[in-house]
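Visitor: I'd like to ask you about the structure that follows.
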Amino acid sequence: MNRIFVREQYDEEYCSVKSRFKIGVMGMGQAVGTSFVATAIAKELSKEKEKHIAYLEVNRNIDKTFLYDSLGMDKRFAGRNFFDFYTETAQGKSITGMVNLDEHINWALCIPENVMTTGKRVLENIELCRMINNIEGNYIICDITSCDKLEQILKEMDVIVFVIDPIPSKLIRAYESLCLIKKCQLSGQKIVWAVNKYNAGINKREFSDFVKLKQFIKIPLIPQEEIYLAEYNCKLPYSVKSVKALLNEPIRQILHIIDN
């Protein structure tokens with residue numbers, strides 16, 4: 001038979017969903033640089049055009065600062081619609097096909113105005129999991145704000161990048177979260193240990209005795225003026241040339257561990 005076959009696009013769309021790889025980036029406590037590391041990973045991955053990157057803010061703390069503000073999403077999406085994944089999920093609607101594409105990344109972030117003015121409730125774990133498993137993309141970067149009652153979320157991840165600030169007060173305060181991630185590792189989950197703000201002031205022996213990690217990636221302390229420069233220019237810190245020069249090697253090390 002002289003038949004003609006024309007391939008439709010459904011196969012490609014189906015494969016992109018089924019091959020979803022979920023990278024959880026979580027910090028040992030607050031303000032340790034979780035979003036700083038997570039956005040750098042997303043930006044580095046986005047350089048490979050065959051990879052479709054989604055960045056999802058797994059936020060259960062509406063009192064934190066918002067990535068939407070720090071990255072200037074209102075400026076980036078001026079004249080364009082920025083979809084509110086959180087509202088759609090809270091209302092039980094489908095997020096399939098929703099895309100906030102910028103710098104080759106699909107951004108699913110909390111919108112401060114919507115949270116503050118409407119008093120929307122914090123999403124339940126099951127709703128967060130639904131977002132994670134239905135967002136468009138094949139590499140899903142999950143910026144996890146807190147580990148409080150998030151064991152279900154952590155189990156969804158293919159790999160967890162755990163970000164540690166080596167200053168003693170934060171180590172002591174968030175010791176339980178360190179124990180939780182070690183428990184995840186013992187149960188077979190892949191963990192990448194990343195020590196952020198690594199600098200000459202750290203007492204290496206005391207730090208090592210406290211965290212008891214055999215291997216970790218060292219991310220150098222970035223001068224604060226570089227972070228301010230990035231935010232005033234609505235940029236990812238990793239997009240600032242001087243920051244990328246310091247971060248590129250450790251971020252590539254993290255991705256190498258993830259890929260192997």
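The values are calculated or read from the model by the stated rules, or taken from the named source; none is laboratory data. All values derive from a computational prediction rather than experimental measurement. Virtual Cβ from ideal backbone geometry, glycine too; neighbours counted across all protein chains shown. Just so you know, the surface numbers come from the protein's heavy atoms only, side chains and all, with ligands and any DNA or RNA stripped out. Shrake-Rupley method; radii C 1.70, N 1.55, O 1.52, S 1.80 Å.
Visitor: Please find, among ALA90, ALA108, the residue that is open to solvent by 30 Å² or more (accessible area, probe 1.4 Å), free of Cβ contacts under 8 Å to residues at least 60 places away in the same chain, small (Gly, Ala, Ser) and closer than 18 Å to GLU127 by Cβ.
Guide: On the way: ALA108 fails: open to solvent by 30 Å² or more (accessible area, probe 1.4 Å).
Answer to the check: ALA90.
Visitor: Here's something else I'd like to know. Going by what's in this entry, would CYS234 be described as part of a loop (DSSP other than H, G, I, E, B) and more than 15 Å from VAL37 (Cβ to Cβ)?
Guide: Numbers: part of a loop (DSSP other than H, G, I, E, B): yes; more than 15 Å from VAL37 (Cβ to Cβ): yes.
So CYS234 passes the test.
Visitor: Next question. Are there any pairs with C-beta distances below 6 angstrom linking a residue in the range 209-227 that is under 21 Å from LYS190 (Cα atoms) and without any contact (Cβ under 8 Å) to a residue 60 or more places away in the chain to a residue that is of a type in the set (Lys, Arg) and assigned to a loop (DSSP other than H, G, I, E, B), with the two at least 6 apart or on different chains, and if so which?
Guide: Listed by first residue and then by second, the contacts come to nothing, as the list is empty.
Visitor: Still on this structure, please answer the following. When you look at GLU103, is it on the phi > 0 side of the Ramachandran plot and either open to solvent by 40 Å² or more (accessible area, probe 1.4 Å) or basic (Lys, Arg) (or both), yes or no? Spell out how you get there, then give the answer.
Guide: Values: on the phi > 0 side of the Ramachandran plot: yes; either open to solvent by 40 Å² or more (accessible area, probe 1.4 Å) or basic (Lys, Arg) (or both): yes.
Judged against the criteria, GLU103 is a match.
Visitor: Where residues in the range 111-129 are surrounded by 16 or more Cβ atoms within 10 Å (Cβ to Cβ) and over 26 Å from LEU178 (Cα atoms), which of them is modelled with the lowest pLDDT?
Guide: Taking the candidates together, the pick is LYS120.
Visitor: Within the bounds of the range 247-259, is there any residue that is aliphatic (A, V, I, L, M), free of Cβ contacts under 8 Å to residues at least 24 places away in the same chain and under 17 Å from ALA38 (Cβ atoms)? Quick ask: steps written out before the conclusion?
Guide: We begin by selecting, within the range 247-259, every residue aliphatic (A, V, I, L, M); these are 247, 251, 254-255, 257-258.
Remaining after also requiring free of Cβ contacts under 8 Å to residues at least 24 places away in the same chain: none.
No, because not a single residue in the range 247-259 is aliphatic (A, V, I, L, M), free of Cβ contacts under 8 Å to residues at least 24 places away in the same chain and under 17 Å from ALA38 (Cβ atoms).
Visitor: Please state which of the following conditions ILE141 fails to meet, knowing it meets all the rest: (1) on the phi < 0 side of the Ramachandran plot; (2) open to solvent by 20 Å² or more (accessible area, probe 1.4 Å); (3) not aromatic (Phe, Trp, Tyr).
Guide: With respect to (1) on the phi < 0 side of the Ramachandran plot; (2) open to solvent by 20 Å² or more (accessible area, probe 1.4 Å); (3) not aromatic (Phe, Trp, Tyr), ILE141 is out only on (2).
Visitor: Take the conditions open to solvent by less than 20 Å² (accessible area, probe 1.4 Å) and polar (S, T, N, Q) and apply them to ASN203. Does it pass? Reasoning before the result, please.
Guide: Details: open to solvent by less than 20 Å² (accessible area, probe 1.4 Å): no; polar (S, T, N, Q): yes.
Considered against the rule, which asks whether it is open to solvent by less than 20 Å² (accessible area, probe 1.4 Å) and polar (S, T, N, Q), ASN203 comes out as no.
Visitor: What's the number of the only condition in (1) assigned to a helix (DSSP H, G or I); (2) in contact with a strand residue (DSSP E or B) (Cβ under 7 Å, 6 or more places away or on another chain); (3) crowded, with 16+ Cβ neighbours inside 10 Å; (4) at pLDDT 95 or above that ILE153 fails to meet?
Guide: The one condition ILE153 does not meet is (4).
Visitor: Please state which one of LYS214, LYS197, LYS218, LYS182 is over 27 Å from ALA108 (Cα atoms) and either touching a Gly at 6+ places or on another chain (Cβ under 8 Å) or at pLDDT below 95 (or both). Even if it seems obvious, please write down each step before you answer.
Guide: On the way: LYS197 fails: over 27 Å from ALA108 (Cα atoms); LYS218 fails: either touching a Gly at 6+ places or on another chain (Cβ under 8 Å) or at pLDDT below 95 (or both); LYS182 fails: either touching a Gly at 6+ places or on another chain (Cβ under 8 Å) or at pLDDT below 95 (or both).
One residue alone meets the criteria, LYS214.
Visitor: Moving to a separate point now. Only helices (runs of 4 or more DSSP H) wholly contained in the range 165-213 count here; list those with 1 or more residues that are within 23 Å of the chain's Cα centre (by Cα) and of a type in the set (Asp, Glu).
Guide: On the way: elements: 168-173, 175-186, 204-211.
Counting at least 1 such residues, we get 175-186.
Visitor: For the range 241-260, which positions are modelled with pLDDT under 95 and crowded, with 16+ Cβ neighbours inside 10 Å?
Guide: none
Visitor: Is it the case that SER70 is under 30 Å from TYR228 (Cβ atoms) and touching a His at 6+ places or on another chain (Cβ under 6 Å)?
Guide: Values: under 30 Å from TYR228 (Cβ atoms): yes; touching a His at 6+ places or on another chain (Cβ under 6 Å): no.
Against the criterion (under 30 Å from TYR228 (Cβ atoms) and touching a His at 6+ places or on another chain (Cβ under 6 Å)), SER70 does not qualify.
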